Amino acid sequence: MLPDQTGRFQLPVQLAGSVASGIVDKAGPGRIAALFDSSFYIETADGLVCLGNENLAASPLNLATTAPPATNWRASGMQLHQKVSISQQAISVGNRFSFPLSGMRIWSPALLAPCCKLDLEQGLECFRMACKHYEALDGLDYFPVARSRPQQSLDTGAVARRPIRALREWLASLLRNPDNKILLDLDSVKPLMGLGPGLTPSGDDFIGGVMLALNTLHEKKICRLLWQSIRQASEEISNPISHAHLKAASLEGGNSNIHRCLAAILTGNPETIQHCLPDIDRIGHSSGWDIMAGAVFAFECWLEARSYKPKHNQLAE
């Protein structure tokens, strides 16, 4: 990789998430808001984007470049809060890097066919069995794993139990009664927000997983009501990066590996589920599992609503 006539290294953006594409289209100044070995976040007046190496997974906020997988942005001379300039042609970081935008492809999650109840039941069973072979980390304790969980995770799970129960009651009510437009009581779910370790805390990831699953199930109205219920609290409690991912989950989607796993569960495809799990395991510290915990939770609520019979019908039988 050699510098161009301006002295900057040219690393074209090859794949852009739908949200990230809209943000860079508006151009303007920005800064590096978070810096990691293989990726970094750029903050502009219009939002946050995550720019990374060629193996960065597709996601609404992500911009995957042609930078080799071994590229280390921390070691490359980039600095936190460094100024960034975005034009219609490229993203420029200082005098060292330029990321041309002209050839990038836009990614958004594929729209799935309506769900079959039996396929989803089979897919959930396959997923639960497959994830038993993975070690639990510091996230939420929602589905079974083979080994014991750390104390921090147990504490997080204990705090999450009550707000998850409240979320289940609200979600069940809306899934049984599609005309119901009652917002979720914020106080009941607030302890879940910002809960746990990581750049995107476990509680936020769980809620994000719920919204991804609802959109996958074509329950978009309920997803919007959930986001409407928590949006302001997310801005106040969660960090800006976690808030941006939650907003994207409510409207656009999430990590492509999560979507691949959700599709495999919805179609009851055990082989694809097995192939997805290593990628889920590599998402953040425990983010992949926490997002999937929220998705599994929403799938279970949907199945319960489909099996629900009002009491007067039960008496009639």
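The values are calculated or read from the model by the stated rules, or taken from the named source; none is laboratory data. What you see is a predicted model; the values in this text were computed from it and never measured. Because the Cβ atoms are built from the backbone with ideal geometry, glycine has one as well, and the counts that use them run over all protein chains shown. For the accessible areas, the whole protein counts, side chains as well, though only heavy atoms, and no ligand, DNA or RNA atoms are used. Shrake-Rupley method; radii C 1.70, N 1.55, O 1.52, S 1.80 Å.
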Whether the range 1-102 is rounded, prolate or oblate, judged on the alpha carbon gyration tensor where a/c under 1.5 counts as rounded: rounded
- prompt: From the Cα gyration tensor of the range 219-304, with a ≥ b ≥ c the square roots of its eigenvalues, which class applies: rounded if a/c is under 1.5, or else prolate if a/b is larger than b/c, or else oblate?
  reply: oblate
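I want the local charge near LEU175. Using Cβ-Cβ distances under 9 Å, sum +1 for each Lys or Arg and -1 for each Asp or Glu among the other residues.
Details: positive: ARG176, ARG306; negative: GLU219, GLU304.
Charge balance in the 9 Å sphere: 0.
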query: At 222 nm, what helix-only mean residue ellipticity would the chain give, in deg cm²/dmol to the nearest 500, using -39500 (n - 2.57) for each DSSP H run of four or more?
result: -15000 deg cm²/dmol
- request: Starting from the Cα-Cα distance between SER307 and ARG176, subtract it from 0.36 nm times their residue separation and give me the gain in nm to one decimal.
  value: 46.2 nm
message: With unit charges on the beta carbons (Lys and Arg positive, Asp and Glu negative) and the dipole taken about the Cα centre of the chain, which residue among SER286, ALA233, ASN53 sits farthest to the positive side?
response: ALA233
field: Mean shadow area of the chain, taken as a quarter of the surface of its Cα convex hull (nm²)
entry: 17.7
- request: Return the sequence-ordered ³J(HN,Hα) values of the range 8-13 in whole Hz as given by the Karplus equation 6.51 cos²θ - 1.76 cosθ + 1.60 applied to θ = phi - 60°, using x for Gly and Pro.
  value: 9, 6, 9, 10, x, 6
- request: Give the cross-link partners of LYS117 among the aspartates and glutamates, using a straight C-alpha distance below 12 Å as the criterion and excluding same-chain residues fewer than 8 apart.
  value: GLU300, GLU304
query: Using unit Cβ charges (K, R positive; D, E negative) and no other charged atoms, how large, in debye to the nearest 20, is the dipole of the range 85-138 about its Cα centre?
result: 300
- prompt: What Kirkwood hydrodynamic radius, in Å, does the range 167-317 give when the mean of 1/r is taken over all pairs of distinct Cα atoms and then inverted?
  reply: 15.9
field: Computed lengthening from SER76 to THR272, 0.36 nm per intervening residue step minus Cα-Cα distance
entry: 66.9 nm
- prompt: Gain in length, ALA45 to ARG168, computed as 0.36 nm per residue apart minus the alpha-carbon separation, to one decimal in nm?
  reply: 40.7 nm
- request: Apply the membrane-span-like helix rule to the chain: whole DSSP H runs, Cα extent along the own long axis of at least 20 Å, mean Kyte-Doolittle hydropathy at least -1.0. List the helices found.
  value: 117-131, 151-176, 202-216, 220-237, 287-307
- line: Between the modelled labels at LEU251 and GLU235 (7 Å from Cα along Cα→Cβ) the distance in nm is 1.3
query: Heavy-atom accessible area of HIS245 with all protein chains present, probe 1.4 Å, nearest 10 Å²?
result: 50
query: So which of LYS132/LYS190; LYS26/LYS83; LYS132/LYS221; LYS132/LYS247 end up more than 25 Å apart by C-alpha?
result: LYS132/LYS190; LYS132/LYS221; LYS132/LYS247
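Is there a quick way to get the dipole size of the chain? I mean about its Cα centre, with the Cβ of Lys and Arg at +1 and of Asp and Glu at -1; what is the value in debye to the nearest 20? Each step should come with its number before you reach the end.
Values: 29 positive and 30 negative charges, 67 e Å.
About 320 debye.
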- line: Taking the chain and a Cβ-Cβ threshold of 4.7 Å, the cysteines left without a partner are CYS50, CYS115, CYS116, CYS126, CYS131, CYS223, CYS301
